[in-house]
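Notes follow the structure.
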């Protein structure tokens, strides 16, 4: 089969790895896999190893902000590409690519249209945005054959909004090399990474692995961290990731006098080792699907302190393997994480709970198997019809 995946941005994040690895699996299974992507933040060298298996197709006007003229150009561009490739399946991912990609696939006469829900786009946004996003999802659902959700939480949110109520919805957990995190060890040069002198004891470590963008709320988290700690404290916060807020976050660290306690690690090739160094993993997002990084924290026996996003209880059991802060306040998440570090008994109990958490559903093998099953069910249903 010819399968085309469409995603707005190839950030170095969870949705992107999910999409990329599904493309690779499908190509290695004998299908012709194409990955279409917008131009923002594309890093060619990161994807060079996959180019022998996957055809990468840039889409010039597939860009994140809503801009009517550019969006219409992007729609026209996608229609032309679909007519040229003539795919059997178009599988869109995330919001902008999801709407434009599905409309374009319908216009181009693609027989099977699948949408991957990695995030709930209409949660925790302004009322006008919510109305717009829900309406766009309802319209797009009319031409969607199958929804693939990364969590039961996103599926439930779509059910509550009655989006695609008559269509097939499946949950396929976002796969990763889970054993890499289970077996990870802290790096040998941890003293250098944490800016610790040879004679000093290891500090307590909080790690946040997340794209540096507004919905992840790193800026608010820094505000809370500054309130909960003081210069000279034997504690480190590692912010690992890259993105559009990098410069603003760097400025905020200096303004809050946090340079001795906060480490900007950038996009790390060794995320599992950063987690292995940590006592607590954090995420302060306002919107997610089911964040893969939280699964990674728990896989490495690292308790998670997280904001109260829809569906997070599917993996974080409050008081057992982590803490769900009962708000979306990034400051509150930071203060709760710092407080946990000083409560050794509670921290030890949550580490034991993290170690006991079953993360096997998030393996690549499980994701590939379930995605293949979804496609097979869709094709069989269409044949019977």
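Does residue 18 count as within 23 Å of residue 210 (Cβ to Cβ), out of contact with any strand residue (DSSP E or B) (no Cβ under 7 Å at 6 or more places or on another chain) and outside any loop (DSSP other than H, G, I, E, B)? Taking the combined requirement at face value, the residue satisfies it.
Quick grid of which residues meet (1) in contact with a strand residue (DSSP E or B) (Cβ under 6 Å, 6 or more places away or on another chain); (2) farther than 30 Å from residue 85 by Cβ; (3) assigned to a loop (DSSP other than H, G, I, E, B):
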site	(1), (2), (3)
128	no, yes, no
131	no, yes, no
140	no, no, no
157	no, yes, no
164	yes, no, yes
173	no, no, yes
198	no, yes, yes
206	yes, yes, no
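What's the total number of residues in segment 228-257 that are in contact (Cβ under 8 Å) with a residue 24 or more places away in the chain, part of a loop (DSSP other than H, G, I, E, B) and either surrounded by fewer than 18 Cβ atoms within 10 Å (Cβ to Cβ) or not assigned by TED's automatic domain parsing to the domain that holds residue 334 (or both)?
As a first pass, look at segment 228-257 and keep what is in contact (Cβ under 8 Å) with a residue 24 or more places away in the chain: 228-229, 231-246, 248-249, 252-253, 256-257.
Pick out the ones that are also part of a loop (DSSP other than H, G, I, E, B) and you get 229, 231-234, 241-245, 256-257.
Cutting the leftovers down to either surrounded by fewer than 18 Cβ atoms within 10 Å (Cβ to Cβ) or not assigned by TED's automatic domain parsing to the domain that holds residue 334 (or both) gives us 231-234, 244, 256-257.
Total satisfying the criteria: 7.
Taking first residues from segment 35-61 that are in contact (Cβ under 8 Å) with a residue 40 or more places away in the chain and partners that are loosely packed, with under 14 Cβ neighbours inside 10 Å and in a helix (DSSP H, G or I), no Cβ contact under 7 Å between residues at least 6 apart in sequence or on separate chains turns up. Within segment 35-56, the residues that satisfy the criterion of being out of contact with any strand residue (DSSP E or B) (no Cβ under 9 Å at 6 or more places or on another chain) and assigned to a loop (DSSP other than H, G, I, E, B) are 40, 41, 43, 51, 52. Just so you know, in segment 1-14 the residues that are in a strand (DSSP E or B) and buried (at least 24 other Cβ atoms within 10 Å of the Cβ) include one that is farthest from the chain's Cα centre (by Cα), and it is 4. Residues in segment 58-90 that are outside any loop (DSSP other than H, G, I, E, B), in contact with a helix residue (DSSP H, G or I) (Cβ under 8 Å, 6 or more places away or on another chain) and within 25 Å of residue 213 (Cα to Cα): 71, 74. The listed residues are 94, 17, and the only one of them that is at positive phi and within 18 Å of the chain's Cα centre (by Cα) turns out to be 94. Scoring residue 123 on the criteria (1) part of a helix (DSSP H, G or I); (2) outside the structural domain of residue 216 (by TED's automatic domain parsing) leaves a single failure, condition (1).
Scanning segment 319-331 for residues that are surrounded by 15 or more Cβ atoms within 10 Å (Cβ to Cβ) and more than 20 Å from the chain's Cα centre (by Cα) gives 320, 321, 331.
From the list 289, 224, which one is over 18 Å from the mean Cα position of the chain (by Cα) and surrounded by 21 or more Cβ atoms within 10 Å (Cβ to Cβ)? Don't jump to the end; show me each part of the working.
Working: 289 fails: over 18 Å from the mean Cα position of the chain (by Cα).
Every option except 224 fails the conditions.
I'd like the residue in segment 142-155 that is without any contact (Cβ under 8 Å) to a residue 40 or more places away in the chain and not in a loop (DSSP other than H, G, I, E, B) and, out of all such residues, is farthest from residue 309 (Cα to Cα). Walk me through how you get there before you give the answer.
As a first pass, look at segment 142-155 and keep what is without any contact (Cβ under 8 Å) to a residue 40 or more places away in the chain: 142, 147, 155.
From what's left, not in a loop (DSSP other than H, G, I, E, B): 147, 155.
Values: 147: 21, 155: 14 Å.
Here the answer is 147.
Would you point out which residue out of 339, 334 is touching a helix residue (DSSP H, G or I) at 6+ places or on another chain (Cβ under 8 Å), in a helix (DSSP H, G or I), buried (at least 21 other Cβ atoms within 10 Å of the Cβ) and in the same structural domain as residue 217 (by TED's automatic domain parsing)?
Numbers: 339 fails: buried (at least 21 other Cβ atoms within 10 Å of the Cβ).
After ruling out the rest, the residue left standing is 334.
Is segment 21-30 home to any residue that is surrounded by fewer than 18 Cβ atoms within 10 Å (Cβ to Cβ) and not in a helix (DSSP H, G or I)? Yes, the conditions are met somewhere in segment 21-30.
The requirement of being within 19 Å of the chain's Cα centre (by Cα) and not in a strand (DSSP E or B) is fulfilled nowhere in segment 184-191; no residue meets it.
Tallying residues that are closer than 30 Å to residue 117 by Cβ and free of Cβ contacts under 8 Å to residues at least 12 places away in the same chain within segment 320-355 yields 0. When the residues of segment 145-201 are filtered to those that are on the phi > 0 side of the Ramachandran plot and at pLDDT 90 or above, the one that is surrounded by the fewest Cβ atoms within 10 Å (Cβ to Cβ) is 162.
The values are calculated or read from the model by the stated rules, or taken from the named source; none is laboratory data. Note that this is a predicted model, so its numbers are computed, not measured. Ideal geometry is used to build each Cβ from the backbone, glycine not excepted, and the neighbour counts take in all protein chains shown.
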